[in-house]
1. Tell me, which residue of the range 242-280 that is modelled with pLDDT under 85 and either outside any loop (DSSP other than H, G, I, E, B) or touching a Cys at 6+ places or on another chain (Cβ under 8 Å) (or both) is most open to solvent (accessible area, probe 1.4 Å)?
2. Which of the following residues is in contact with a helix residue (DSSP H, G or I) (Cβ under 6 Å, 6 or more places away or on another chain), polar (S, T, N, Q) and either farther than 24 Å from Q101 by Cβ or in contact (Cβ under 8 Å) with a residue 24 or more places away in the chain (or both): T157, T167, T138?
3. Among the numbered criteria (1) modelled with pLDDT under 90; (2) among the hydrophobic types (A, V, I, L, M, F, W, C); (3) surrounded by 12 or more Cβ atoms within 10 Å (Cβ to Cβ), which single criterion is violated by A319?
4. Test of understanding: among D76, D67, D83, D55, which residue is in contact with an Asp or Glu (Cβ under 7 Å, 6 or more places away or on another chain) and either over 26 Å from D135 (Cβ atoms) or surrounded by 14 or more Cβ atoms within 10 Å (Cβ to Cβ) (or both)?
5. Could you list, in sequence order, the residues of the range 57-73 that are under 17 Å from V220 (Cβ atoms) and not aliphatic (A, V, I, L, M)?
6. Restricting attention to the range 170-184, does a residue exist that is touching a strand residue (DSSP E or B) at 6+ places or on another chain (Cβ under 8 Å) and at pLDDT below 90?
7. So which residues in the range 34-52 are among the basic types (K, R) and exposed (fewer than 14 other Cβ atoms within 10 Å of the Cβ)?
8. Considering only the range 114-223, give the strands (runs of 3 or more DSSP E) lying wholly within it that have at least 2 residues that are small (G, A, S) and open to solvent by less than 40 Å² (accessible area, probe 1.4 Å).
Amino acid sequence: MQRFTELEQIPTDFGPSVVTVGNFDGAHVGHTRVMERVVQIARDNQLASVGVSFDPHPAVVHNPNVDHVEIMGQEDRQRFFEDMGLENYVLLHYDLKFASQTPEEFVKNVFVDALHARWVVIGDDVRFGYRNSGDLNTMIELGKKYGFEVEAVEDLTHESQRRCSSTWIRELLTDGKVDEAAQILGRNHLMHGEIVHGAARGRELGFPTANMSFDSDGFVPADGVYAGWLTDAHGNKWPVATSIGTNPTFEGVEQRQVESFVIGRPEERVEDFNLYGQRVILEFVQRLRPMVAYRGVEALIEQMNQDVEQAKEVLGLTA
């Protein structure tokens, strides 16, 4: 996949192309449907396939005082596009100057002049340009003016009849409902980051953990214990029981920790099993319980043993 972060990087002879645009925060099943259509049209018409997105998220620029955490980091988002079969990714810097473009200026600068679009595939709720003044009808009219076809992909709705959206996914993750979020995402929710040294409390208790760095990519679900998977830098996928929170049984822990106990790690030459410094992918399958303060270490160890057994059951590791 080719990645461009400025329009000036795009070759003058690029295209012709089929393009989609959006924030793609979370890259859920609705986004998947759009991407599939982009790839299909590109193959059928021998066009270059392109996804256009923005960094930082427009919400951060327009509402700087509101804490906005993206569901998926840019690295994983690009991997999603690549896995879908897109050939090109245009990640444009978003600021107030960029946001001041009229809908026509945006379309002409990006779709027409830079990407030589012959087809634009968008969701039917698309908004673009200054103060989101452009919509689907605007895009269709601009397509007629500049010579590209417009195809709108209808929103996907869940069996609950609610529209699949990043807002809904964020609500579910905030409540710890990672299994329900996976239905909207079309895969397990994940984080991506480096394993760093922690306070070593888990090791002292007999449950050494892999601790995610505080600057890891991805939305951190609600406090609690989760069953999931950890993929290390070598592609090995390990079952884990992951704890999120401030460890209320112990004093002095102020920042939320994301720490995973690897289930069934190799017992022979266990000293060689070292995840420190590796960038890993952490997937969340199901929340096992909320975070609780226990009276004493023995009660905590007993609960942790129960957590591991429950995680194994959830992950299909029991006979």
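The values are calculated or read from the model by the stated rules, or taken from the named source; none is laboratory data. Source: prediction; values computed, not measured. No Cβ is skipped: glycine too gets one built from the backbone with ideal geometry, and neighbour counts run over all protein chains shown. These area figures cover heavy atoms from the full protein model, side chains too; ligands, DNA and RNA do not enter into them. Shrake-Rupley method; radii C 1.70, N 1.55, O 1.52, S 1.80 Å.
1. Out of the qualifying residues, it is E271.
2. On the way: T157 fails: in contact with a helix residue (DSSP H, G or I) (Cβ under 6 Å, 6 or more places away or on another chain); T167 fails: in contact with a helix residue (DSSP H, G or I) (Cβ under 6 Å, 6 or more places away or on another chain).
On inspection, the qualifying residue turns out to be T138.
3. Exception for A319: condition (3).
4. On inspection, the qualifying residue turns out to be D76.
5. Hits for the range 57-73 are H57, D67, H68, E70, G73.
6. No, because not a single residue in the range 170-184 is touching a strand residue (DSSP E or B) at 6+ places or on another chain (Cβ under 8 Å) and at pLDDT below 90.
7. The one that is among the basic types (K, R) and exposed (fewer than 14 other Cβ atoms within 10 Å of the Cβ): R43.
8. Ranges flagged: 117-123.
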